[in-house]
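Working notes, structure below.
Every read-out reported here was derived from the displayed coordinates using simple, explicitly stated rules and does not represent laboratory data. Please read these numbers as outputs of a predicted model, since none were measured by experiment. Here the Cβ positions follow ideal geometry from the backbone for every residue, glycine too, while neighbour counts run over all protein chains shown.
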Amino acid sequence: MDKKNSPIFVTQPFLPPLEEFTELLKQIWDSKILTNIGPFHQKLEAALADYLGVKYISLFSNGTLALITALQALKITGEVITTPFSFVATTHSLWWNNIKPVFADIESKYYNLDPDKVEAAITPQTTAILAVHVYGNPCNVEAIQKIADAYGLKVIYDACHTFGVTIKGIPVLNFGDLSVMSFHATKVYNTFEGGAIVCHDEVTKKRIDNLKNFGFVNETSVVTPGINAKMNEVQAAMGLLQLKYIDGAIEKRKQIDKQYRSLLKNIDRISFIEEMPSVKHCYSYFPIFINKEKYGKTRDEVYEELKRNNFYGRRYFYPLISQFPTYRGLETALPGKMPVAEKATEEVICLPIYPDLEIFHIKKISRILRQ
Ligand code: T4K
């Protein structure tokens, strides 16, 4: 199939030149060190800490295990306030820790947790806030921290959509008690699968490292019932290589974001998220919102139309996590409780965005949306 007619998905992983990866694979073959915090794992932790501007980072096999472990690391129990507008893994991490999710509504500008709604949801059982920097736009970190300090709560950020994002030059990963990252194939920076926890002190880093390796501290001592969530050497080698190319990949995403903004700006029946001031972005997603009344078509009709034209956008995040069977019986999940999230989930389509997306594709998508 020629390039112009092949299907275009919401994303396509960025991959470095295969020869360079083969070179690193050869080193793994020679050393026979495949996993268990080997040399590539150690090198990648140092390199990422440096690139991201964080003090401590612990690598994981994926973002979901990193989320589950982050909650273990802080010994979170009881109730945690979280957003319904995210990938389901965010709330699943609470379920896996026997923690009751308490959903709070999002704000309508960036679709992140609304701090006022967070405060209103606090009960004597609340121990933490699990917020998501959705689509890579930072939460209102100051307001969230203020609430956390006033009520003695921990803050964990699901930073799976933010890679290298800064607010006024400060890495977003440095806010909150812990931040969790995903390096899944569909993310801005990928190690095929992978993830990480960012923390701010050595004791916490040690605890996280123990937790991801069965609780071992040496050959014979197990200090905690840990899990196996280590990143392996092949993933870590890929991560090192990806770092060489990441700035270029983000720059290409930036250009695509710019094209969409310029081509869609005059279609007043479509809205998209304004660029946040003072934020360095990573352009992980390009969500648009289809208002049925203004557009004259439902979001799903537009979504299907794009598909008929070979463009496979995604309805991230539909349904809301709170609408899935596991969670919909919770009091905070009941219909009408979160009007902003309930509207967003019915209107959103994430358009394709990835470094190799061609300009003619962006133009064609915009043309379809304009019809
Ligand atoms: N928290 C948040 C906020 C997250 O967004 C995620 C993951 C997590 C936590 C958990 O992190 P991980 O445990 O995954 O590290 C995808 C991803 O699987 C998931 O990682 C991601 N969020 C979520 C938003 O999207 P699906 O089910 O939509 O993926 P899939 O397989 O349909 O892929 C989407 C498109 O990407 C495909 O149509 C084609 C393309 N693709 C995908 C893969 C896997 C490729 O071209 N190559 C590939 O290898 O969930």
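Quick notes on this structure:
- Taking the DSSP beta bridges with both ends in the chain, the antiparallel portion is around 55 percent.
- Quotient of Cα Rg and 2.2 N^0.38 Å for the range 170-307, N being how many residues it contains: 1.45
- The alpha carbon radius of gyration of the range 239-371, expressed as a multiple of 2.2 N^0.38 Å, is 1.18.
- Computed with the Debye formula from one identical point scatterer per Cα of the chain, without solvent, the log10 of I(q)/I(0) at q = 0.09, 0.13 Å⁻¹ comes to -0.52, -1.08.
- Computed over neighbours whose Cβ is under 13 Å from that of Tyr318, the net charge equals 0, Lys and Arg +1, Asp and Glu -1.
- Placed amide H near Thr298: partners under 5 Å, 5+ positions off or other chain: none
- Each label point was placed 7 Å from the Cα along the Cα-to-Cβ direction; for Lys265 and Val88 their separation is 3.9 nm.
- Pairs spanning more than 29 Å between alpha-carbon atoms, out of Lys307/Lys337; Lys32/Lys206; Lys252/Lys337: Lys307/Lys337; Lys252/Lys337.
- 3J(HN,Hα) couplings calculated from phi for the range 229-244 with the Karplus curve 6.51 cos²θ - 1.76 cosθ + 1.60 (θ = phi - 60°) are, in sequence order, 9, 6, 6, 8, 5, 5, 4, 5, 5, 4, x, 5, 5, 4, 4, 4 Hz; Gly and Pro show x.
- Counted over all Cα-Cα pairs of the range 71-114, pairs farther apart than 12 Å make up 60 percent.
- Geometric descriptor of the range 163-218, per residue, is 93 Å³ (volume of the convex hull of the Cα atoms).
- The chain, dipole about Cα centre (Lys/Arg Cβ +1, Asp/Glu Cβ -1), debye to the nearest 20: 820 debye
- Taking GluC sites (Glu not before Pro) across the range 202-267, the ones in a DSSP loop with at most 12 further Cβ atoms lying within 10 angstrom of their Cβ are Glu219.
- Translational diffusion of the range 1-106, µm² s⁻¹ [Kirkwood Rh, Cα pairs; Stokes-Einstein; 20 °C; 1.002 mPa s]: 121 µm²/s
- Here the range 97-243 yields Rg over Rh of 0.99, to two decimals, using C-alpha coordinates and the Kirkwood radius.
- Rh by Kirkwood over Cα pairs, then Stokes-Einstein D for the range 290-345 at 1.306 mPa s and 10 °C, µm²/s: 124 µm²/s
- In order along the range 135-141, phi translates into HN-Hα couplings of 6, x, 8, x, 5, 6, 5 Hz, rounded to whole numbers, per the Karplus curve 6.51 cos²θ - 1.76 cosθ + 1.60 with θ = phi - 60° and x for Gly and Pro.
- Estimated from helices alone, the mean residue ellipticity of the chain at 222 nm is -11500 deg cm²/dmol (sum of -39500 (n - 2.57) over DSSP H runs with n ≥ 4, per residue).
- Distance between modelled label sites at Lys292 and Leu15, nm, 7 Å Cα→Cβ extension: 4.1 nm
- Cα lying deepest toward the dipole's positive end in the chain, options Asn228, Leu334, Asn213, charges on Cβ: Leu334
- Label zone at Ile359, where the point sits 7 Å out along the Cα-to-Cβ direction: the range 254-297 residues whose backbone N lies under 16 Å: 254-264
- Value of Rg/Rh across the range 46-181 [Cα atoms, Kirkwood radius]: 0.93
- Highest-first arrangement of 209-217, 109-117, 78-86, where packing means the average Cβ count within 10 Å: 78-86, 109-117, 209-217
- Residues whose placed amide H lies under 5 Å from that of Ser179, excluding near-sequence neighbours: Tyr157, Val198
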